[in-house]
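The values are calculated or read from the model by the stated rules, or taken from the named source; none is laboratory data. If you're wondering where the values come from, they're calculated on a predicted model, not measured in any experiment. No Cβ is skipped: glycine too gets one built from the backbone with ideal geometry, and neighbour counts run over all protein chains shown. Note: areas computed on protein heavy atoms with side chains; ligands, DNA, RNA excluded. Shrake-Rupley method; radii C 1.70, N 1.55, O 1.52, S 1.80 Å.
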Amino acid sequence: MTTRPVPVIAIHGGAGSRGPGEFDPNIETAYRDALAEVLRAGRQLLADGGNALDAVSLAVDLLEDCPLFNAGHGAVFTRDGTHELDAAVMDGATLRAGAVACVSRIRRPLRAARAVMEHSKHVLLVGAGAEAFAEAFGLELVEPEYFSTELRREQLRRAQAPALLVPGQGAAVSPLDDELKHGTVGAVALDARGHLAAATSTGGVTNKLPGRVGDLPLIGAGTYANRVAAISCTGTGEYFIRYAVAHDVCARIAYGGLTLQAATEHVVMEVLPAIGGAGGLIAVDAYGNVSLPFNTEGMYRGYMRADDPAPWTACLAD
Ligand code: ASP
């Protein structure tokens, strides 16, 4: 008789580098508390027999609502001061996937991505078409201002006026530098039936050109799940797209016989830096192994198994 691995959920709130300002432990605590709350909710769902797809959907839902992260409320601004959000979800058991990109009015982009997966024959819908589709399924639409926060507006101002940045005098708002931080959110999970799923959501990168689509809604680049592993990425999306990072990790395990840890470490610590790619990813495999590598100074991250008494969370390197 084979025993199933214990269900597990891992999440991230973006990778980045430490800021020029003072390290603020209170802010780190706020991030870790937020991550821990989401992990507890995801763990409970899995421990109650819920499936991996529902666990990652719930986790990303909660992270999108938290203004600390660059997804949903708290998303970054484009060059023109607008918001364009991307999200994707993938069910590893069936290879079904759904994604939306460049949406400005869907309150919870991940739910829209899941609706695309479950209620259309497509994988990716963008812009106004995606919004109309979401509305038709009763998903909540909001005015674009709903996503705005003063912190993100300030980041756009700083990004557009780099000459005004004085080294050492940046605002110490987080342990990771918001100019260099990619505060995307994501979740991967393994459930009691051995099924895997991945979900990711983001506002993209500050000061991006309107119309730019990152890696996360592109299945295989920033988000991927199959029967081998589930992957959710964060970082400089253009590089993750070129190397189809999320799928590449799964392929190295399936075809190359690498362990989850070896495959993720190789891609994040060797392949990506060699081409200038900065960031990290979270991954879980069908055996319940978890790997959370990043090549930046930090990545908001954590995981919790169904039988863990408390979640594990971290912001900077161990
Ligand atoms: N990868 C995302 C993008 O390029 C950004 C991030 O991870 O924060 O849109």
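Figures for the structure shown
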item: Scan of the range 209-221 for residues that are in a loop (DSSP other than H, G, I, E, B) and hydrophobic (A, V, I, L, M, F, W, C), ordered by number; result: Leu209, Val213, Leu216, Leu218, Ala221
item: Among residues of the range 191-211, those that are near the ligand (Cβ under 10 Å from one of its atoms) and at pLDDT below 95, counted; result: 6
item: Where Lys121 falls short, out of the listed (1) at pLDDT 95 or above; (2) of a type in the set (D, E, K, R); (3) not in a loop (DSSP other than H, G, I, E, B); result: (3)
item: Which numbered condition Ala112 misses (of (1) more than 15 Å from the ligand (Cβ to nearest atom); (2) in contact (Cβ under 8 Å) with a residue 60 or more places away in the chain); result: (2)
item: Residues within the range 202-234 that are of a type in the set (Val, Ile, Thr) and open to solvent by 10 Å² or more (accessible area, probe 1.4 Å), tallied; result: 5
item: Qualifying residue in the range 16-24 (condition: open to solvent by 10 Å² or more (accessible area, probe 1.4 Å), acidic (Asp, Glu) and modelled with pLDDT under 95); result: yes
item: Selection count, the range 32-50, where residues are surrounded by fewer than 24 Cβ atoms within 10 Å (Cβ to Cβ), touching a residue at least 12 places away in the same chain (Cβ under 8 Å) and within 19 Å of the chain's Cα centre (by Cα); result: 6
item: Candidate set: the range 69-104, residues that are free of Cβ contacts under 8 Å to residues at least 60 places away in the same chain and either under 14 Å from Pro210 (Cα atoms) or open to solvent by 20 Å² or more (accessible area, probe 1.4 Å) (or both); chosen: the one farthest from the ligand (Cβ to nearest atom); result: Thr94
item: Residue in the range 252-263 that is within 17 Å of Ala97 (Cα to Cα), modelled with pLDDT of 95 or more and open to solvent by less than 50 Å² (accessible area, probe 1.4 Å) present; result: no
item: Residue within the range 219-232 that is within 16 Å of the ligand (Cβ to nearest atom), more than 19 Å from Asp285 (Cα to Cα) and modelled with pLDDT of 90 or more present; result: no
item: Cβ pairs under 6 Å, 6+ apart, first in the range 301-316 and within 21 Å of Glu28 (Cβ to Cβ), second open to solvent by less than 40 Å² (accessible area, probe 1.4 Å) and polar (S, T, N, Q); result: Gly302/Thr313
item: Residue match in the range 56-64 (condition: surrounded by fewer than 24 Cβ atoms within 10 Å (Cβ to Cβ), in contact (Cβ under 8 Å) with a residue 12 or more places away in the chain, more than 23 Å from Thr313 (Cα to Cα) and not basic (Lys, Arg)); result: no
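Here is a yes/no grid of residues against (1) open to solvent by less than 10 Å² (accessible area, probe 1.4 Å); (2) of a type in the set (Phe, Trp, Tyr):
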{"site": "Gly279", "(1), (2)": "yes, no"}
{"site": "Tyr287", "(1), (2)": "no, yes"}
{"site": "Asn295", "(1), (2)": "no, no"}
{"site": "Tyr300", "(1), (2)": "yes, yes"}
{"site": "Met304", "(1), (2)": "yes, no"}
{"site": "Pro309", "(1), (2)": "no, no"}
{"site": "Ala317", "(1), (2)": "no, no"}
